[in-house]
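Right, one structure below, let's go through it.
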Amino acid sequence: MSPVIVKRARTAKPQIERPRLHKVILINDDYTPREFVVQVLKAEFRMSEDQATKVMLTAHQRGVCVVAVFSRDIAETKATRASDAGRAKGYPLRFTTEPEE
């Protein structure tokens, strides 16, 4: 008599997809003072003076600059808070978000 081989059916583990990340984008304007933009970047995005200056200058030269990448909720919250900081001072400072490719 030959031994009986029992094969167990594999249960498929559900594939959990990571949430899509979103970019926070600084949009250049010709009215918000550069120093204020650097101040907002340091406060809201925890950047150093050098990092914030580089981001501000990139946005100034190219029109836009990716500031950081976060999960959707965090990106939208940070973009809103940073834009609101400019609005509170009367500046048209604007940050937006978009999904990362």
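A short reminder: the numbers here are calculations on the coordinates, not readings from a lab. Quick caveat, the model's predicted, so the values are computed rather than measured. All Cβ positions, glycine included, derive from the backbone under ideal geometry; neighbour counts span all protein chains shown.
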Calculated from the structure, Cα Rg over 2.2 N^0.38 Å equals which of [x] 1.79; [y] 1.06; [z] 0.96? [x]
Considering lysine pairs in the chain that are 8 or more places apart or on different chains, how many have Cα atoms under 24 Å apart? 9
Give me ASP84, ASP30, ASP50 sorted ascending by neighbouring Cβ count inside 10 Å, so fewest comes first. ASP30, ASP50, ASP84
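Provide LYS42, LYS89, LYS23 in ascending order of the number of other Cβ atoms located within 10 Å of each residue's Cβ, fewest first.
LYS89, LYS42, LYS23
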For the chain, take the longest principal axis of its alpha carbons; what is the angle in degrees between that and the long axis of helix 34-45, to the nearest 10 within 0 to 90? 30 degrees
Farthest toward positive dipole pole in the chain [+1 Lys/Arg, -1 Asp/Glu at C-beta], among ALA12, MET47, TYR91: ALA12
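For an R0 of 41 angstrom, estimate the FRET efficiency from the Cβ-Cβ distance between LYS42 and THR11 and round to the nearest 0.05.
Numbers: r = 50 Å, r/R0 = 1.22.
The computed FRET efficiency comes out at 0.25.
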